[in-house]
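The values are calculated or read from the model by the stated rules, or taken from the named source; none is laboratory data. Quantities reported herein were computed from a predicted structural model and do not represent experimental measurements. Virtual Cβ from ideal backbone geometry, glycine too; neighbours counted across all protein chains shown. Accessible surface areas use protein heavy atoms only, side chains included; no ligands, DNA or RNA. Shrake-Rupley method; radii C 1.70, N 1.55, O 1.52, S 1.80 Å.
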Amino acid sequence: MKALKYRGPWDVAIEDVPDLHATGPDDVVVDIAYTGICGTDLGVVAGYYPVAVPGTTLGHESTGVVAEVGPEVAGVAVGDRVVINPTPYCGVCRMCRTQRINHCVNKDGTESGISYDGTYAHRYRTTSRFVHRVPEHITLQGAALTEPLSCVVSGVRKIRPTSLTAFTYVFGAGPLGLLYAWALSWQGLSPVVVETAPARLAFANKVLPQGIRAYGSLAEARREHFGDVNAPIDVVVDTTSGLLEELYEELAPGGIFMSIGLKRKKVTVDAMHLADRSLSVIGSIDSLHGSFDEAFHMITSGRLPAERLVSHVVPLEEYRTGFAALGCDIDRRVLAGADTESCKVLIASAPEAGR
Ligand SMILES: [Zn+2]
Ligand SMILES: [Zn+2]
């Protein structure tokens, strides 16, 4: 079978690898249909996220059809359409027992697409706990957004504003920015999105939920959305990795700044200001207890029209085109901001495998 391998920064290639089969009693092997390109993948390819292990197959936001199961697998069968939870955890270590499954001490070497062979491939092997059957009315393209939404759900759980009137800003209209806009609105907040790339801004305004808009700058968002050029900044979700220092002094007392980008950037902030103004600076990037199930529910119940966030679907062999749509030019070794009308780009391993 084919698999997209990470060999080192800017060095990725499709390789022929041995077919995967169910060898353990609880193994589930999935014929991959779609995998979303994640910001993490761009960071890995560009060498910004050094935890990736050379030789690993990339990809983790994935759906497909069960191809083989081990003899002890229950609840899922060959032919079932499934979404994959790519973040395994043991369930018994201290981290798992204290609601921090994403930091499971036993998951070393098992993070799909980082240290364990992921889903930019024809097949992927996991265990029965980490696949969920996709109901008939949901497409495998839409269900592929479950994992990024899970990361967003776990982030939004940490945002606890003192009032639903909190002036809330999401910076960046990539998939995570748009998913945060949705998830914050489920919490009762009325966020506004700020995106400086015109093409992304245009795409965002076609797909955001009613009442939520994206603007080209913070000033425009304050003026147009909140009707006040000095509208307070109570809650910030920064998907760009770059804004903490710039917005820190502007946060309203009690303000919350959530940083979810993975670009390396050192900043200097005043600790006295943090305490004196009761600020919260929070980091969040991955799934927490139950967030995958919660995200899957929001998709299967129709609360998130996930398919509308899919802007491109490209075959596995044309992965460079998919990465390029997100500003990652593998041939020229350049990672810039996306300047196409792009949001979630899916790599199709086997489009014929299902909707
Ligand atoms: Zn992801
Ligand atoms: Zn654990």
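Listed values, structure above:
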{"item": "Tilt relative to the chain, helix 175-186 - C-alpha long axis, 0 to 90 degrees, to 10", "result": "70 degrees"}
{"item": "Candidate residues LYS265, LYS107: accessible-area rank, largest first, probe 1.4 Å", "result": "LYS265, LYS107"}
{"item": "Mean residue ellipticity (222 nm) of the chain, computed from DSSP H runs ≥ 4 via -39,500 (n - 2.57), nearest 500", "result": "-5500 deg cm²/dmol"}
{"item": "Rounded tilt (10° steps) of 198-207 against the dominant C-alpha axis of the chain", "result": "80 degrees"}
{"item": "Local electrostatic count, ARG308, Cβ distance below 14 Å [Lys/Arg +1, Asp/Glu -1]", "result": "+1"}
{"item": "Extreme residue, positive dipole direction of the chain, given options ALA181, VAL235, ASN85 (C-beta unit charges)", "result": "VAL235"}
{"item": "Most to least accessible of HIS273, HIS103 (protein chains only, probe 1.4 Å)", "result": "HIS103, HIS273"}
{"item": "Exposure of CYS328 as accessible area (Å², to 10), given a probe of 1.4 Å and all protein chains", "result": "0 Å²"}
{"item": "Helix 291-300 axis, angle to the chain major axis (alpha carbon atoms, nearest 10°)", "result": "90 degrees"}
{"item": "Candidate residues THR300, THR98: accessible-area rank, largest first, probe 1.4 Å", "result": "THR98, THR300"}
{"item": "Accessible-area value, THR268, 1.4 Å probe, nucleic acids and ligands omitted, Å²", "result": "110 Å²"}
{"item": "Selected from SER349, MET272, CYS96, residue furthest toward positive end of dipole (the chain; charges at beta carbon)", "result": "MET272"}
{"item": "Bridge type composition, the chain - antiparallel percent by DSSP, nearest 5", "result": "55 percent"}
{"item": "Of every Cα-Cα pair in the chain, the percent that sits beyond 32 Å", "result": "29 percent"}
{"item": "Computed accessible area, ILE114, all protein chains, 1.4 angstrom probe, square angstrom", "result": "20 Å²"}
{"item": "Relative contact order (%) - criterion: Cα under 8 Å, at least six apart; region: the chain", "result": "20 percent"}
{"item": "Carbon + sulfur, % of accessible area of the chain - ligands and nucleic acids excluded, 1.4 Å", "result": "51 percent"}
{"item": "Residues of the chain: accessible area per residue with a 1.4 Å probe, Å²", "result": "43 Å²"}
{"item": "Dipole magnitude of the chain, debye to nearest 20 (Cβ charges: Lys/Arg +1, Asp/Glu -1, about Cα centre)", "result": "520 debye"}
{"item": "Unit charges on C-beta of K, R, D, E only; dipole of the stretch 96-219, Debye", "result": "300 debye"}
{"item": "Filtered GluC sites (Glu not before Pro), the stretch 249-318: DSSP coil and at most 14 other beta carbons within 10 Å", "result": "GLU249, GLU250"}
{"item": "For the stretch 244-355, size of Cβ-based charge dipole, Lys and Arg +1, Asp and Glu -1, in debye", "result": "160 debye"}
